[in-house]
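Presented below is the structure to which this report refers.
The values are calculated or read from the model by the stated rules, or taken from the named source; none is laboratory data. Please read these numbers as outputs of a predicted model, since none were measured by experiment. Cβ placement follows ideal geometry from the backbone for every residue including glycine, while neighbour counts extend to all protein chains displayed. All accessible areas refer to the heavy atoms of the entire protein, side chains included, with ligands and DNA or RNA removed. Shrake-Rupley method; radii C 1.70, N 1.55, O 1.52, S 1.80 Å.
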Amino acid sequence: MEYRFDDRALDARTFLAFVQQVWPGNYDEDKTETALTKTINITARENGKLTGCLRILTDGCFFGTITELLVLPACRGQGVGRALMELARAHTPTPLYFGAKPGAEGFYEKIGCERSLPSFLIPRSGDREEE
């Protein structure tokens, strides 16, 4: 497995083909390309094929967040997620905050992450249904 920190070669087409195998959805390629340029992308590749990705959004001084940690289902349980998290911990300029998918909390605790504050969402104007 080859790991790359701040993988600037990661493009939207490759990333979206990978994401469809992990978290299928209708994603905009142009917006995804823009998003990838604004994050630190840590990737795992096996024989050139993307098998895992962790993205960090940070101000570089005080705050950072992991926007997602994704690993191909066939590669789970092989240490890919752990290795991506270790690279994030070793190279991030700030503490990292993130939300965990329900049921995944045990994985994060097992690798030394600490529970933190609950999170909140401010929906964009027009995204929230009227009460």
Quiz item: Accessible area of LEU121, 1.4 Å probe, to the nearest 10 Å²?
Solution: 140
Quiz item: For region 43-131, what is the charge dipole size about the Cα centre, in debye to the nearest 20, if Lys and Arg each add +1 at the Cβ and Asp and Glu each add -1 at the Cβ?
Solution: 480
Quiz item: How big is D, in µm² s⁻¹, for the chain by Stokes-Einstein at 20 °C and 1.002 mPa s if Rh is the Kirkwood radius over C-alpha pairs?
Solution: 135
Quiz item: Just the accessible area for SER119, please: 1.4 Å probe, Å², rounded to the nearest 10?
Solution: 100
Quiz prompt | Accessible heavy-atom area order of THR67, THR37, THR43, highest first, probe of 1.4 Å | solution = THR37, THR67, THR43
Quiz item: Per the helix-only calculation at 222 nm, which mean residue ellipticity applies to the chain, given -39500 (n - 2.57) for every DSSP H run of n ≥ 4 and division by its residues, nearest 500 deg cm²/dmol?
Solution: -8500 deg cm²/dmol
Practice problem: Order the following by accessible area, largest value first: ILE122, ILE40, ILE56. Probe radius 1.4 Å; ligands, DNA and RNA are ignored. | Solution: ILE122, ILE40, ILE56
Exercise. For ARG4, tell me the accessible area in Å² from a 1.4 Å probe, rounded to the nearest 10.
Key: 80
Quiz item: Accessible area, 1.4 Å probe, largest first: how do MET85, MET1 sort?
Solution: MET1, MET85
Practice problem: Per residue, how big is the convex hull around the C-alpha atoms of region 1-61? Give it to me in cubic angstrom, could you? | Solution: 83
